[in-house]
Amino acid sequence: MIIACSKAALCPGRMLRIATSRIISDLHRLSAEHFSVTSIPAVRSYDGNEFGWIALIPRVATGFWVGVMALAERQPKLLLPFLTSFYDRANPLSWLIIRTGFGIDLAVHGWEKVVRLPAIFTAIVAGTTASLSPQFDPAHNIILAFFEFGGGICIALGLFTRFFAAAAAIDLAIITFTVFWPHGYHAYEYVFWWGLAMFAIALRGGGPYSLDRRIGREL
């Protein structure tokens, strides 16, 4: 026997769509309080008219994203309000510390490739690159000297930050999954989290205290 869903006796599918519609409406209201969003149409409550799940997905995604962004803008109240002025001045420095620290660390790792370059260029001029050990591979060392040493300095200074941080994140991801991953977490943890930090820097950019900000241009 097939039991039809009626308005009097709601079936689980209809109840789920009603609940989803209400959640979207609440998220839309929350976004309007924080962002004054006018480009997103108001989501009507479920009124019995049928609509496909495919049409519902964009509304759910939009409502969820706007709600997340609204929550991200909320600032918690300080337990010690007298620290407000200190945090207002110190907060911009937090990103400078993170960017500079990881940039210098990358440059230090790139320096060992720079040290190899004289021997590599000598072998290139003499035509004896075939005798070089794999550690002195010309292409590998030249590319990494540029992206790790030069890129690390640029990240620390906040110059072309997104470009070099993205390149470093890709480089570290390749190293993580091709070299260290088979040996377990304790082998890849440092490179993995370092690459994740570089990815975050690529998303954020140079920040307030950077040459990118001084120039007024950024990728």
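Computed from the coordinates by the stated procedures, all read-outs in this text should not be read as laboratory data. Everything quoted here is computed from the prediction, not taken from an experiment. Virtual Cβ from ideal backbone geometry, glycine too; neighbours counted across all protein chains shown.
Just a few scattered comments:
- Here the average projected area of the convex hull drawn through the C-alpha atoms of the stretch 86-142 stands at 4.7 nm².
- With the charge dipole of the stretch 102-215 set up from +1 on Lys and Arg Cβ and -1 on Asp and Glu Cβ about the Cα centre, the Cα lying farthest toward the positive end among the listed residues 130, 179, 150 is that of 150.
- Working from label points 7 Å from Cα in the Cα-to-Cβ sense, the residue 186 to residue 97 distance is 3.0 nm.
- Test item: Cα-centred dipole of the stretch 62-219, Lys/Arg +1 and Asp/Glu -1 on Cβ, debye: 480 debye
- Here the label points at residue 80 and residue 104, each 7 Å from Cα along the C-beta direction, are separated by 2.6 nm in the simple model.
- Calculated on C-alpha atoms, the gyration radius of the stretch 102-215 divided by its Kirkwood radius gives an Rg/Rh of 1.05.
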